[in-house]
Every structure is written in structure tokens, then in C-alpha cells.
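J.: Have a look at this one.
The values are calculated or read from the model by the stated rules, or taken from the named source; none is laboratory data. For clarity, every value in this text was computed on a predicted model and none was experimentally measured. With ideal geometry, Cβ positions are generated from the backbone for all residues, glycine too; neighbour counts draw on all protein chains shown.
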């Protein structure tokens, strides 16, 4: 071999080896897929992702160092949920974090092998996502959001806040959160004689929401419940505006609703749920199977009252509710 040819080969090898080494190193770093249901810019979602990253760091996982993360944000859009689910599964990650019921349902529809940890799922047993809370089976497990008992708690809060209330509507998009309809039928069937009437308010656009809330306000002595739903999360500020405009006493599961002028917020600490979800991701990455990890329910809750909104609606907040509040917005 001529000396010049030898130098060329060695020089070429010196260039190729680091590239190959980097590629091999990238392949050895586990990949985590994350699909969030709402807006990336939403304050709640920023807190959730920050808490999730802290949870990963506590378990020894540092993004860009020993774990790679692919994020997707569907902004409450059903078509984007389907698109991003397919994208993430195609990347063949070691584990996926799935936020919200419609996201979980879509992963269930197309994927049975990649482990999925869900955060803020509604009725995973009833929807067939897992076999049971204690023994989920399959490739999914995680953390739930609400149950019918929490809807009952919201009704109680509305009744105590506004004693003359005769009914309340639960607002949601049935295409993304179908569990509400069956839950409301169960609640109505078991309600006592002194319970307020509860109905469903189906919405799928901002215009439908405004029309529905206007009609609800015109009936008089009615309240509004805004539970977890990708549509509700995206349109929280508008919901708070319309609830005030049409003088509807309202309770929501989302803290930003109260911050935006909604009357009350009562619900799980969702950042805490994401922090705990990171521990399940860690356990799967270390070899445990989702089938063996029990589905967990919320353990921390928050109650917020917006006194400014109460005054605007002509409501005198009972002292016992004020005493229970974790935060009062004045």
C-alpha cells in the first residue's frame, strides 16, 4: 500500500469511528415518548412536565444524558392525538407516558407491546384499558384522575355555596371523554330526594360552549361543573368568562379556571400525579412490567375559592367553605 493511500484510510477511519461510536451510544440510551393532551403553553401543563422531570431526576434519569425524550402536544385535537400516537409507537420507545383518557384509548387501539404509563386517565377499568386497578394486566398502568364520587363532591360544593341551586350541568366533549354520560346516569339513578338535578352539557366547539352556557344561565338557579376533558382544558379561559357573563356558579377540576375568574376549583394535585408517574417510568425502564404495577389514584387534592367572582355573582361564601379552602383569590 502506498503511504498516501494508507494515510487516507487511517484519516478516514479517524473520522468514521467517532460517528459510529456516537450512533451506538445514542442507540443505547433509552427513549421515552410523551404525549400530552392539552396545550404546551398552558400553565397547568408546564407544572406537570416540570414535576415529571423532577421525578425522573430523583430516580437518576437526566434528559440529554442517560435518557432521550420525544414530546408531542395534541392541543385537545382528536386527529393530532391519532397522528402522534402512531408517530411515537413507530419510534419504538422503551416506555410511553400518555396523558388523558382519549390518548390512552388511542394507544390501546393500535399498540399492545410498548409499555404505557398513563397520567390523569378516567375510568381505565370501565373503558377496558386495564383489567383491574390492582392487577392491570397487559402493557398499561398508571394514575387516574377522577371518579363518580368526585362529581358528587362537586355537586355538594355547589349546593353549599348556593343553597337555592336546583340543578347543575357537567360540561364535556363526549367524543373525547365518553365516561361522563354513564357516570351521570348512575349518579341520577342513586340520587336522594334532596339532591340537585344533574345533566350533561355536550360541547365540541367554543360556539357550542357559549350557546350552552347562555341557555343554562337563562334557566335560572343552575350551576356548572367543568371536569377533566381535553376540550375543557383548552377552553378554560373562555369557560370562566362565559360562566361569569351568564352568572353561573361553577366548580372546575382545573386550578387555572379559578385563576381566570371561575368561582371554585376542587381536584387532584395533577403535578403530584406526574411526579409519581415518573417513578413508574423508572420501574419499567429497570425491567418491571406494567401488568404488575397497580393503577394508583390521586392522594392530594386542592380547593380554591375566587372571592372576587363570588361577590360579582352576589354570593356570600359560607364560613365553613372558606375554612376548608387551601387558597382564596381576592
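J.: Among residues belonging to the stretch 251-265 that are touching a residue at least 60 places away in the same chain (Cβ under 8 Å) and buried (at least 22 other Cβ atoms within 10 Å of the Cβ), point out the one that is farthest from residue 122 (Cα to Cα).
T.: Here is the first cut: in the stretch 251-265, the residues touching a residue at least 60 places away in the same chain (Cβ under 8 Å) are 251, 253-256, 258-259, 263-264.
Within this subset, residues satisfying the condition of being buried (at least 22 other Cβ atoms within 10 Å of the Cβ) are 251, 253-255, 258, 263-264.
Values: 251: 18, 253: 13, 254: 15, 255: 18, 258: 22, 263: 24, 264: 21 Å.
Checking each candidate, the answer is 263.
J.: Answer with yes or no whether residue 160 is assigned by TED's automatic domain parsing to the domain that holds residue 310, loosely packed, with under 15 Cβ neighbours inside 10 Å and modelled with pLDDT of 95 or more. Before the answer, list the steps.
T.: Working: assigned by TED's automatic domain parsing to the domain that holds residue 310: yes; loosely packed, with under 15 Cβ neighbours inside 10 Å: yes; modelled with pLDDT of 95 or more: yes.
In short, yes.
J.: Determine if the stretch 139-156 includes at least one residue that is surrounded by 15 or more Cβ atoms within 10 Å (Cβ to Cβ), over 30 Å from residue 275 (Cα atoms) and in contact with a strand residue (DSSP E or B) (Cβ under 6 Å, 6 or more places away or on another chain).
T.: Among the residues of the stretch 139-156, not one is surrounded by 15 or more Cβ atoms within 10 Å (Cβ to Cβ), over 30 Å from residue 275 (Cα atoms) and in contact with a strand residue (DSSP E or B) (Cβ under 6 Å, 6 or more places away or on another chain), which makes the answer no.
J.: Right, something else. Of the residues 299, 316, 309, only one is at pLDDT below 95 and surrounded by fewer than 24 Cβ atoms within 10 Å (Cβ to Cβ); which? Outline the logic, then answer.
T.: Numbers: 316 fails: at pLDDT below 95; 309 fails: at pLDDT below 95.
After applying the criteria, what remains is 299.
J.: Which members of the stretch 13-66 meet the condition of being in a helix (DSSP H, G or I), modelled with pLDDT of 95 or more and farther than 16 Å from residue 271 by Cβ?
T.: Listed by number, the list is empty, since nothing qualifies.
J.: In a helix (DSSP H, G or I), surrounded by 22 or more Cβ atoms within 10 Å (Cβ to Cβ) and modelled with pLDDT of 95 or more, is that true of residue 169?
T.: No; evaluated as a whole, the condition is false for this residue.
J.: Same structure, new question: Here is a list of conditions, (1) surrounded by 18 or more Cβ atoms within 10 Å (Cβ to Cβ); (2) modelled with pLDDT of 95 or more; (3) outside any helix (DSSP H, G or I), and residue 176 meets all of them except one; can you say which number that is?
T.: Here residue 176 clears every test but (2).
J.: Here is a list: 49, 81, 96. Which entry is closer than 13 Å to residue 140 by Cβ, in contact (Cβ under 8 Å) with a residue 40 or more places away in the chain, within 20 Å of the chain's Cα centre (by Cα) and buried (at least 16 other Cβ atoms within 10 Å of the Cβ)? Can you show your working first?
T.: Working: 49 fails: closer than 13 Å to residue 140 by Cβ; 81 fails: closer than 13 Å to residue 140 by Cβ.
The conditions single out 96.
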